[in-house]
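Below is one structure, written out as structure tokens, with a few remarks after it.
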Amino acid sequence: MPKLTETYVKKLPTVVNGTKKYWDSEIKGLVVFVGKRSKTWYFQKDVGGKTQRVLIGRYPTITAQTARQTALGFALEMSRGAGKHIQIGAPKLSDAMEVYLARPKLRSDVHKESVRTQFENHLKDWMGLPLDEITKSMAVERHRQLAKSPSTANHTLRYFRSVWNHARRVHDLPESPTNAIEWYEERPNGRVIEDLVEWKKRIDGLYNPIHGVFFELMLYTGLRKTEALTLEWKNVHEDRIHLPVTKNGRSFDLPIVQRHHEILAPVEGLSRKWVFPSPKAPSGHVQGPQRIEWSPHAHRRTFATVAMEAGILEEVVGRLLNHTPLNLTGQRYVRPSLNALRPAMQTTCDELDRRIGNQ
């Protein structure tokens, strides 16, 4: 092991992948981590059977001489039993993510799975890095690399920001490096299904009839894609569909009518649990239906559009879609019953039937 002098550390080359560690030959526990773009000083020692890593700072802002003096001070404090009071270094991104996802107040399992998937797909090479080694330039560059899908780029780095800010409550971290990002503008295409007769022919011709039932239920309820895919039979009642947790963090009951039971009839009995089962999927339910010309969200927009054109008030349509009302009265006081909303649902289903040509 070499002595970590100013000259030696200055000459250390950066690495292409991961992090390389160089330990000091004289001061036990002093180490410099060399990554793709930075060199960072740490002091590390086992205290009570647990490894504690203390952040000293970035080189060259923190010189070798300063780092050595600081490490000697930490060694002295730990030898006196005061090590437990020293600020432990930043956690790795993977650990910070797990702590964030374990929050009891986190909105839903769908959100947790989305965070985990985005990190594994787009931040995999960061997962083993301490948070304080992830820089602004790294965040900006990763956002740029994902620019082909602006929505994915924004969502991934905003999830990262949430994990960082949660870790910042406990650890001595600066502001999130995502502050340097210029977020992409995201514009939904706003597409609806114009020709419902053609739509009906398309779903009737799908290879997997379960997928056809999925799209039909989406059109006649306005449910979100994940809400429909993860629907369980125990939550389908005679008069309503119950969603235990939704995107806005609360449960929701959607009034249904006889037409909905007719739509679901072909998939009854296929599974005791899932409305849209898939034996090959690890989850047991369909993960992604066959792609057609209209996205699942276009079905939701079409439901809302047809409801409005059938004379349903915008406020009532919002309730059927489980949108959070903008005004205080709507958010905290108005709680319309299922029976009050059911006529609007019946009117919308009748209008959809008329446009499709169903008798």
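The values are calculated or read from the model by the stated rules, or taken from the named source; none is laboratory data. Everything quoted here is computed from the prediction, not taken from an experiment. Positions of Cβ are backbone-derived with ideal geometry, glycine not excepted, and every protein chain shown enters the neighbour counts. Note: areas computed on protein heavy atoms with side chains; ligands, DNA, RNA excluded. Shrake-Rupley method; radii C 1.70, N 1.55, O 1.52, S 1.80 Å.
A simple spin-label model places pseudo-atoms 7 Å from Cα toward Cβ; at Ala147 and Lys225 they are separated by 2.5 nm. Amide H to amide H distances under 5 Å link Ala90 with Leu55, Asp132, where only residues 5 or more positions off or on other chains count and H is placed in the peptide plane.
Of [x] 5, 23, 33, 27, 10, 2, 0; [y] 6, 17, 18, 21, 17, 11, 6, 3, 1, 0; [z] 5, 19, 23, 19, 13, 11, 8, 3, 0, which one was derived for P(r) over Cα pairs in 10 Å bins from 0, in percent from the structure shown? So the calculated entry is the one marked [z].
For Gln346 and Glu309, the difference between the fully extended length at 0.36 nm per residue and the C-alpha to C-alpha distance is 11.9 nm. In the range 129-205, the inverse of the mean reciprocal separation of distinct Cα atoms equals 15.1 Å; this is its Kirkwood hydrodynamic radius. For the residue pairs Lys112/Lys225; Lys136/Lys247; Lys148/Lys247; Lys20/Lys124, the C-alpha atoms sit more than 20 angstrom apart in Lys136/Lys247; Lys148/Lys247. Whole-Hz ³J(HN,Hα) for each residue in the range 90-98, computed from phi via Karplus 6.51 cos²θ - 1.76 cosθ + 1.60 with θ = phi - 60°, x for glycine and proline: what do you get? Values, residue by residue: 5, x, 5, 4, 4, 5, 4, 5, 5 Hz.
Estimated from the Cβ-Cβ distance and a Förster radius of 41 angstrom, the FRET efficiency linking Ala281 and Leu12 is about 0.30.
Within the range 1-46, all pairs of alpha-carbon atoms sorted by distance into 5 Å bins from zero give the percentages 5, 23, 33, 24, 12, 3.
Partners of Lys201 within straight-line reach, counting aspartates and glutamates whose Cα lies under 17 Å from its Cα and excluding those fewer than 8 residues away in the same chain: Glu216, Glu293, Asp353.
Say a paramagnetic label sat at a point 7 Å from the Cα of Glu98, along Cα to Cβ; which residues of the range 161-186 have their backbone N under 19 Å from it? Output list for this probe position: 163-171.
Would you kindly give the portion of the calculated P(r) for the range 175-301 that falls above 23 Å, as a percent of all Cα pairs? Pairs farther apart than 23 Å: 38 percent.
One way to sum up the overall shape of the range 201-269 is the equivalent ellipsoid from its Cα gyration tensor, whose semi-axes run 21, 14, 10 Å, largest first. Note on Tyr100: accessible area approximately 10 square angstrom, rounded to 10, probe 1.4 Å, nucleic acids and ligands left out.
Here r is the Cβ-Cβ distance between Glu186 and Tyr22 and R0 is 56 Å; the resulting FRET efficiency, rounded to 0.05, is 0.80.
For the chain, the longest principal axis of the Cα atoms and the long axis of helix 338-356 meet at an angle of about 70 degrees.
Remark: the range 305-320, residue by residue, has Karplus-estimated 3J(HN,Hα) of 5, 5, 4, 5, 5, 8, x, 7, 4, 4, 4, 6, 4, x, 5, 5 Hz, where x stands for each Gly or Pro and the curve is 6.51 cos²θ - 1.76 cosθ + 1.60 at θ = phi - 60°. Rounded to the nearest 500, the helix-only mean residue ellipticity at 222 nm of the chain stands at -13000 deg cm²/dmol, with each DSSP H run of n ≥ 4 adding -39,500 (n - 2.57). Phi-derived couplings, Karplus 6.51 cos²θ - 1.76 cosθ + 1.60 at θ = phi - 60°, listed residue by residue for the range 264-275: 7, 3, x, 9, 5, x, 6, 8, 6, 9, 8, 5 Hz, with x used for Gly and Pro.
Please find the FRET efficiency linking Asn121 to Asn339, where r is the Cβ-Cβ separation and R0 is fixed at 56 Å, and quote it to the nearest 0.05. Computed FRET efficiency for Asn121 and Asn339 comes out at 0.80. Here's how it looks for His285: its modeled amide H is under 5 Å from those of Ser278, which are all 5 or more places away or on a different chain. The Cβ shell under 14 Å around Val192 holds other residues with a net charge of -2, Lys and Arg each +1, Asp and Glu each -1. Between Leu30 and residues 5 or more places away or on another chain, which pairs have amide H atoms under 5 Å apart, with H built 1.01 Å from N, and which residues are they? Amide H neighbours of Leu30, under 5 Å, 5+ apart: Asp24, Gln44.
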